[in-house]
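Asks: Below is a structure I'd like to ask you about.
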Amino acid sequence: MTQLVPLFIDGVFCQSESNDWLEVTNPATNAVIAELPCATDEELERAIESAEQAHYLWKEVAVSERARLMLRYQHLLKEHHDELAVLLSKETGKTTVDAKGDVWRGIEVVEQAANIASNMMGETVENVATDIDSYSLIQPLGVCCGITPFNFPAMIPLWMFPIAIAAGNSFVLKPSEQVPLTAMRLAELFEQAGAPKGVLQVVHGGKQQVDYLLAHPTIKAVSFVGSVPVAQYIYQTGTSHNKRVQAFAGAKNHMVVMPDANKQQVLSNLVGASVGAAGQRCMAISAAVFVGSAKEWIPELAAEMAKVHPGVWNDDNADYGPLISQHAKARVTALIDEGKAQGAKCELDGSQCKVEGFPDGNWLGPTLFSGVTTDMAIYQQEIFGPVLVCLEVDTLEQAITLINNNPYGNGTSIFTANGAAARKYQHEILVGQVGINVPIPVPLPFFSFTGWRGSFYGDLHAYGKQAVRFYTETKTITARWFDDDIPIGPNMTIQLK
Ligand code: NAD
């Protein structure tokens, strides 16, 4: 019998009463590996109520005790790192190396959550007026929720609930319906680490369940990561219900290749950054901008890309896995066809790719287009597959203008041996994460991370260092302490007036 994915409500892993179930498939075979309930309204209500009750108790727990929960959780996650990676591989198709990286990135955020006390320090100014001091307290919001995408089933939920909970909130997580199993294991380990009943709830479903969370008055803040249209919808709907919303959205990340760059470094980094993880990374490089004579490297790039092959997660020779679903594969191949029809030159076409022994998998080989212009669909849309489009310009200024005119602003990089070019690029580019001779510049959680422009909706750049700010309110106290003479030592007073 197929595994039925439970809900995690009020500290209990329970079977849903829903009549509406979705299939979770293995992307390498399309075999059904689990069935997932779309939670009923009554179940969602119970999860939110339980989270609210838990918050009242949890916010009074000493901050160092909350930090210790995160230390225990970090320890358990490390202990179960490989097991989590295998589970994650089965539902996403990611190779073992990629899956381990996904889990590890999440563990690093839990380490940041263990540091919660220093991140919740307020500020103090003495004598804002005679006799009066001002200081601020950082306090949790209450019940927060998170809605996560399929492509990082460990890292992205761990971006959210450990920081929110360490700050004294409770949390309702709605993981991607395509990859719920890793999230459930994360919840089990959190419970094992000693998380009090109700501080974390996990519910399942799609739009209907998300709408319920977005409209619920008890939920104070919504963290979302996913595609642009859904991010815009979540931001608009959540804020229309007066909630704090951070919505991380899609991307079109450009790498600028200067002719003075190290060619071998460019080629190998460009291949890994564009087709690694089947291009299903929000920080994947999906557009390469060749400046001047650097365009002469495109044939060699095609040859390097052709050496890379997808395969099943436990095949050590696989460079990356399948696309997440048949629907995703159909969407990407339709875009490849459109690219050809619109006149781009397909230097390498992966749309007929097969993997021996796995005829039903969602495979797509590395695909490379040159001669791409900014009006083409393959440039304008996020492809989210192992497809790289190449554009050509004459100068660095033109490259910067082209990228700044693109609606997205998640990540970018430049490869150059020239310090002045790198400095100009980092200064003028309107993108949130910038790599200099580094292809995928994802910062560690003690820095902030978010896209600019169309890659982020919200007013707090709230992953990493700033995350605590998203999940808390600042209360500023202005206090007059004394009216009278103040003792400042034996037989000494000062007169304040
Ligand atoms: P998605 O937008 O389809 O789904 C994300 C979540 O939203 C899921 O939990 C899903 O159930 C829910 N959802 C889907 N449609 C909805 C609707 N109409 N109303 C309410 N909720 C809805 O995204 P995905 O395909 O799972 O993930 C891939 C996308 O995520 C890509 O666009 C990628 O760039 C983006 N992403 C961005 C970042 C970032 O940091 N900016 C990180 C990872 C992924």
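Asks: Where the accessible area of the chain is counted over protein heavy atoms with a 1.4 Å probe, how much of it, in %, is carbon and sulfur? The partial results should precede the final answer.
Replies: Values: 10610 of 20550 Å².
Within the chain, the accessible surface is 52 percent carbon and sulfur.
Asks: A follow-up question, please. With everything on Cα atoms, drop me the angle between helix 419-428 and the longest principal axis of the chain, reported from 0 to 90° to the nearest 10.
Replies: 60
Asks: How far is helix 96-113 tilted, in degrees, relative to the longest principal axis of the Cα atoms in the chain, given as a value from 0 to 90 rounded to the nearest 10?
Replies: Value to nearest ten degrees: 20.
Asks: A further question follows. Quick one: net charge around residue 208, please, counting Lys, Arg +1 and Asp, Glu -1 for every other residue with C-beta under 13 Å from its C-beta.
Replies: Values: positive: 174, 207; negative: 20, 41, 43, 177, 211.
With Lys, Arg at +1 and Asp, Glu at -1, the net is -3.
Asks: Also, I was wondering about something else. In a shell of Cβ-Cβ distance under 15 Å around residue 407, excluding residue 407 itself, what net charge do Lys and Arg (+1) and Asp and Glu (-1) give? Intermediate results must be reported in sequence, preceding the final value.
Replies: On the way: positive: 252, 453; negative: 375, 382.
With Lys, Arg at +1 and Asp, Glu at -1, the net is 0.
Asks: Taking residue 354 as the anchor, which lysines have their alpha carbon closer than 24 Å to its alpha carbon, excluding any fewer than eight residues away along the same chain?
Replies: 90, 94, 307, 329, 340, 345
Asks: Relative contact order for the stretch 26-105: what percent, with Cα pairs under 8 Å and sequence separation of 6 or more?
Replies: Numbers: 28 pairs, mean separation 29.7, N = 80.
For the stretch 26-105, the relative contact order is 37 percent.
Asks: Sticking with this one: Give the cross-link partners of residue 220 among the lysines, using a straight C-alpha distance below 22 Å as the criterion and excluding same-chain residues fewer than 8 apart.
Replies: 59, 174, 197, 207, 243, 465, 475
Asks: Another question about this same structure. At a threshold of 8 angstrom on Cα-Cα distance, excluding pairs fewer than six apart, so keeping six or more, what relative contact order does the stretch 3-146 reach in percent? Mind showing how you got there, number by number?
Replies: Details: 153 pairs, mean separation 27.8, N = 144.
With pairs under 8 Å counted, the relative contact order is 19 percent.
Asks: Test of understanding: extend the Cα→C-beta vector of residue 338 to 7 Å, then name every residue of the stretch 350-365 with backbone N under 18 Å from that spot.
Replies: Label zone hits: 350-351.
Asks: At 1.4 Å probe size, put 191, 17 in order of accessible surface, largest to smallest.
Replies: On the way: 191 80, 17 140 Å².
Correct descending sequence by accessible area is 17, 191.
Asks: Which value, in Å² and to the nearest 10, is the accessible area of residue 241 when all protein chains are kept and the probe is 1.4 Å?
Replies: So the heavy atoms of residue 241 present about 80 Å² to solvent.
Asks: Now for a separate question. Could you give the length gained on full extension between residue 61 and residue 303, defined as 0.36 nm per residue of separation minus the Cα-Cα distance, in nm? Write out the running numbers ahead of the final one.
Replies: Numbers: separation 242, 0.36 × 242 = 87.12 nm, distance 5.85 nm.
That pair, residue 61 and residue 303, stretches by 81.3 nm at full extension.
Asks: On a 0 to 90° scale, report how tilted helix 180-192 is relative to the longest principal axis of the chain, with both axes built from alpha carbons and the result rounded to the nearest 10.
Replies: Value to nearest ten degrees: 30.
Asks: Of all alpha-carbon pairs in the stretch 69-140, indicate the percentage at a distance above 17 angstrom. Don't skip to the answer; put the middle values down first.
Replies: On the way: 1525 of 2556 pairs.
Taking all Cα-Cα pairs of the stretch 69-140, the fraction more than 17 Å apart is 60 percent.
Asks: May I pose another question? What number do you get for the chain when its Cα radius of gyration is normalised by 2.2 N^0.38 Å, N = residues?
Replies: Values: Rg = 24.9 Å, N = 497, 2.2 N^0.38 = 23.3 Å.
The value comes to 1.07.
Asks: Could I ask something else about it? For the stretch 6-33 and the stretch 62-130, what is the separation of their C-alpha centers, rounded to whole Å?
Replies: If we compute the Cα centre of each part, the gap is 26 Å.
Asks: Continuing with this model, one more query. Within the chain, what percent of beta bridges assigned by DSSP are antiparallel, to the nearest 5? Each step should come with its number before you reach the end.
Replies: On the way: 32 of 74 bridges.
Of all bridge pairs located within the chain, approximately 45 percent are antiparallel.
Asks: Just going by the charge dipole of the chain, with Lys and Arg at +1 and Asp and Glu at -1 on Cβ, which of 73, 434, 271 is farthest out on the positive end?
Replies: Of the options given, the answer is 434.
Asks: If we count every other residue with Cβ under 10 angstrom of residue 8's Cβ, Lys/Arg +1 and Asp/Glu -1, where does the sum land?
Replies: -3
Asks: List, in order, the whole-Hz ³J(HN,Hα) value for each residue of the stretch 397-411 obtained from phi through the Karplus relation with A = 6.51, B = -1.76, C = 1.60 and θ = phi - 60°; use x for Gly and Pro.
Replies: With the stated coefficients, the stretch 397-411 comes to 4, 5, 4, 5, 4, 4, 5, 5, 8, 6, x, 8, x, 7, x Hz.
Asks: Let me ask something else. Mind ordering 90-96, 407-413 by average Cβ neighbours within 10 Å, highest first? Don't skip to the end; give the middle numbers.
Replies: Working: 90-96: 26.1, 407-413: 24.6.
Averaged packing, sorted descending, gives the order 90-96, 407-413.
Asks: Still on this structure, I have one more. How many Å² of accessible area per residue for the chain, probe 1.4 Å?
Replies: On the way: 20550 Å² over 497 residues.
With all protein chains present, the chain gives 41 Å² per residue.
Asks: Whole angstrom only: what separates the Cα centroid of the stretch 203-261 from the Cα centroid of the stretch 314-344?
Replies: Cα centres, the stretch 203-261 to the stretch 314-344: 24 Å.
Asks: Next up: Across the Cα atoms of the stretch 1-79, what radius of gyration and what greatest pairwise Cα-Cα distance (Dmax) are found, in Å?
Replies: When restricted to the Cα atoms of the stretch 1-79, Rg and Dmax are 17.0, 48 Å.
Asks: Determine which residues of the stretch 75-113 fall in the zone a paramagnetic label at residue 317 would reach in this model, i.e. backbone nitrogen under 17 Å from the point 7 Å along Cα→Cβ.
Replies: Inside the label zone: 95-96.
The values are calculated or read from the model by the stated rules, or taken from the named source; none is laboratory data. From a predicted model like this one, the values you see are computed outputs, not experimental measurements. Positions of Cβ are backbone-derived with ideal geometry, glycine not excepted, and every protein chain shown enters the neighbour counts. Surface accessibility is based on the protein's heavy atoms, side chains included, excluding ligands, DNA and RNA. Shrake-Rupley method; radii C 1.70, N 1.55, O 1.52, S 1.80 Å.
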